[in-house]
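Report on the following structure.
The values are calculated or read from the model by the stated rules, or taken from the named source; none is laboratory data. Computed from a prediction, not measured in an experiment: that's the story for all the values here. Note: ideal-geometry Cβ built from the backbone for every residue, glycine included; neighbour counts use all protein chains shown.
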Amino acid sequence: MQQAIERPGASMAGIDPHVAARMKVQNRFPTGLDIARYTAKIMRADMAAYDADPAAYTQSLGCWHGFIGQQKMIAIKKHFGTTKGRYLYLSGWMIAALRSEFGPLPDQSMHEKTSVPALIGELYTFLRQADARELGGLFRELDAAKAAGDAVATHRLLRQIDEHQTHVVPIIADIDAGFGNAEATYLLAKKMIEAGACAIQVENQVSDEKQCGHQDGKVTVPHEDFLQKIRAIRYAFLELGVEDGIIVARTDSLGAGLTKQIAFIREPGDLGDQYNAFLDCEEVDPADIGTGEVLVSREGRLLRPRRLPSNLYQFRPGTGEDRCVLDCITSLQNGADLLWIETEKPHIEQIAGMVDRIREVVPNAKLVYNNSPSFNWTLNFRQQVFDAWAAEGRDMTLYDRERLMSQHYDDSELGKEADERIRTFQADAAKRAGIFHHLITLPTYHTAALSTDNLAKRYFGEEGMLGYVKQVQREEIRQGIACVRHQNMAGSDIGDDHKEAFAGEAALKAGGEHNTMNQFAA
């Protein structure tokens with residue numbers, strides 16, 4: 001910076017090279033593409049580590065606002081000292097429910113597609129601000145140590161600055177079913193990558209009839225249609241110079257009983273033929289063909305696929321797992337890096353059964369798995385324990401399988417065993433079922449509702465202001481939550497540093513003795 005300021009013709013009088021250097025350190029990632037390239041390498045390294053040791057799985061939590069993502073990373077660094085193995089997840093469900101200009105929407109790709117890259121950019125803006133805030137605090141401590149002549153503290157702080165770990169981590173971003181055809185998918189993927197996304201998740205539902213993976217009415221597309229979108233995303237990564245970009249191919253086939261199209265077939269046994277083989281058909285006599293019917297021929301037989309009034313075609317019942325396996329194998333063979341199998345319950349052996357079959361063809365197949373709030377985890381695992389114990393011949397007369405959600409069972413032997421299985425679910429599934437990344441899609445949607453309900457009950461009730469002070473502020477102070485000094489968190493101290501650099505003694509700074517945030521210095 002000194003050389004840049006003093007070069008001939010620079011005309012930079014009044015610029016302090018130390019301040020300029022510090023500001024550059026505080027903004028390590030000038031563009032979203034810098035972030036995408038950096039975080040893609042992190043994910044690739046983590047995937048290789050998982051291949052070597054399934055205990056090295058990764059995790060993330062869903063975010064619907066930049067502040068939420070920022071606070072997660074600040075909390076992770078505070079409690080664990082490192083962000084390694086911890087990412088953020090950007091959920092299309094939460095964008096639809098919380099970020100659309102139409103108001104709350106169901107997860108059906110009706111929200112503005114531009115809100116997806118906008119949220120990616122917002123998340124990284126807040127994460128970069130967390131870097132600037134943390135480094136700014138270290139710079140202030142460094143200046144104080146130097147002024148006091150404390151060489152030990154100066155050395156320690158310089159080392160902390162040099163080894164500072166950024167809050168910027170990979171984001172797995174949900175592109176739904178691509179918001180249109182393959183060209184639309186490509187264009188949106190570019191916007192997402194330019195905003196910083198290193199990993200894009202795309203699903204095999206039709207884009208115009210898309211449903212939440214945990215609701216009914218899901219409609220899938222033939223494999224070639226899905227592979228076009230995978231290729232479109234790969235081209236977007238390559239065009240923008242993010243060669244390590246990661247594609248997560250999600251299949252909703254387990255819970256999807258419908259398709260909008262009969263696949264095109266080039267030759268018997270090809271991928272289109274395999275897709276059509278799952279259709280629910282009945283053999284017909286040519287003399288019985290009605291007006292406007294759609295027929296397919298297979299092995300010399302004339303078949304009528306079951307077509308609904310919606311003009312959708314039905315798959316044969318019980319074929320969901322077979323379709324999932326085929327979806328996953330073909331996705332990995334055509335450019336996808338990770339898989340996502342949307343299930344109706346968190347059952348390790350169900351997932352592992354499909355992964356075992358996939359790995360017979362693609363040995364290093366890995367999953368991203370949705371630890372969804374759509375599952376009733378308590379009831380599911382208590383029923384799993386009940387069924388396992390019943391199969392062992394244990395006496396189950398103390399338990400009613402249909403009422404296991406009752407608080408009555410919280411301290412029971414069965415309840416405790418179920419809780420232990422929930423606690424170890426991620427580690428167990430990583431080892432047994434090939435799950436590289438565990439995420440919760442909608443955690444902060446639920447935590448915001450729960451904490452707001454508790455605050456409203458207390459504040460508007462008999463506790464009044466004590467309801468806030470006791471349950472919120474006092475806990476922030478005692479747990480060391482940085483946001484208790486909310487002015488600092490919002491960037492007030494960063495702004496003061498800049499004002500001093502820009503205006504010197506004329507700076508009108510906010511952090512003086514009359515700033516009430518000083519009450520929290522202790």
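General remarks:
- Within segment 359-381, the presence of a residue that is in contact (Cβ under 8 Å) with a residue 24 or more places away in the chain, among the β-branched types (Val, Ile, Thr) and touching an Asp or Glu at 6+ places or on another chain (Cβ under 6 Å) is excluded.
- Selected residue (only one of 429, 456 is under 23 Å from residue 98 (Cβ atoms) and either surrounded by fewer than 14 Cβ atoms within 10 Å (Cβ to Cβ) or of a type outside the set (Lys, Arg) (or both)): 456
- Conditions (1) within 28 Å of residue 322 (Cβ to Cβ); (2) aromatic (Phe, Trp, Tyr); (3) assigned to a loop (DSSP other than H, G, I, E, B); number of the one not met by residue 381: (3)
- Matching residues, segment 245-267, being within 12 Å of residue 315 (Cβ to Cβ) and in contact with a Cys (Cβ under 6 Å, 6 or more places away or on another chain): 253, 254
- Of the numbered criteria (1) assigned to a helix (DSSP H, G or I); (2) out of contact with any Lys or Arg (no Cβ under 8 Å at 6 or more places or on another chain); (3) under 30 Å from residue 431 (Cα atoms), the one residue 84 fails is (1).
- Residue in segment 330-338 that is over 30 Å from residue 235 (Cβ atoms) and among the hydroxyl-bearing types (Ser, Thr, Tyr) present: no
- Positions within segment 478-522 being among the aromatic types (Phe, Trp, Tyr) and exposed (fewer than 14 other Cβ atoms within 10 Å of the Cβ), in sequence order: 502
- Residue list for segment 388-442, restricted to those being farther than 30 Å from residue 93 by Cα, β-branched (Val, Ile, Thr) and part of a helix (DSSP H, G or I): none
- Some residue of segment 179-189 being surrounded by 23 or more Cβ atoms within 10 Å (Cβ to Cβ), assigned to a helix (DSSP H, G or I) and among the hydrophobic types (A, V, I, L, M, F, W, C): yes
- Residue 251 closer than 21 Å to residue 360 by Cα, in contact (Cβ under 8 Å) with a residue 24 or more places away in the chain, surrounded by fewer than 21 Cβ atoms within 10 Å (Cβ to Cβ) and not aliphatic (A, V, I, L, M): no
- Against the criterion of being within 21 Å of residue 436 (Cβ to Cβ) and of a type in the set (A, V, I, L, M, F, W, C), residue 13 does not qualify.
- Elements of the type strands (runs of 3 or more DSSP E) sitting completely within segment 259-362 and holding at least 3 residues that are more than 30 Å from residue 385 (Cβ to Cβ): these cover 281-283, 296-298, 301-305.
- Looking only at segment 113-153, and only at residues there that are surrounded by 19 or more Cβ atoms within 10 Å (Cβ to Cβ) and basic (Lys, Arg), the one that is modelled with the lowest pLDDT: 113
- When residues of segment 433-453 are limited to those that are among the β-branched types (Val, Ile, Thr) and surrounded by 13 or more Cβ atoms within 10 Å (Cβ to Cβ), the one modelled with the highest pLDDT: 435
- Residue among 143, 131 that alone is free of Cβ contacts under 8 Å to residues at least 12 places away in the same chain and acidic (Asp, Glu): 143
- Pairs with Cβ under 7 Å, 6+ apart, first in segment 338-349 and of a type in the set (Lys, Arg), second assigned to a loop (DSSP other than H, G, I, E, B): 345/375
- Subset of segment 1-22 [closer than 18 Å to residue 164 by Cβ and out of contact with any helix residue (DSSP H, G or I) (no Cβ under 8 Å at 6 or more places or on another chain)]: 18, 21
- Out of 169, 202, one residue alone is crowded, with 23+ Cβ neighbours inside 10 Å, outside any helix (DSSP H, G or I), in contact (Cβ under 8 Å) with a residue 60 or more places away in the chain and among the hydrophobic types (A, V, I, L, M, F, W, C). It is 169.
- Residue that is nearest to residue 503 (Cα to Cα), among those in segment 16-39 that are in a helix (DSSP H, G or I) and of a type in the set (Lys, Arg): 22
- Members of segment 328-343 that are modelled with pLDDT of 95 or more, out of contact with any helix residue (DSSP H, G or I) (no Cβ under 7 Å at 6 or more places or on another chain) and within 20 Å of residue 372 (Cβ to Cβ): 338, 340
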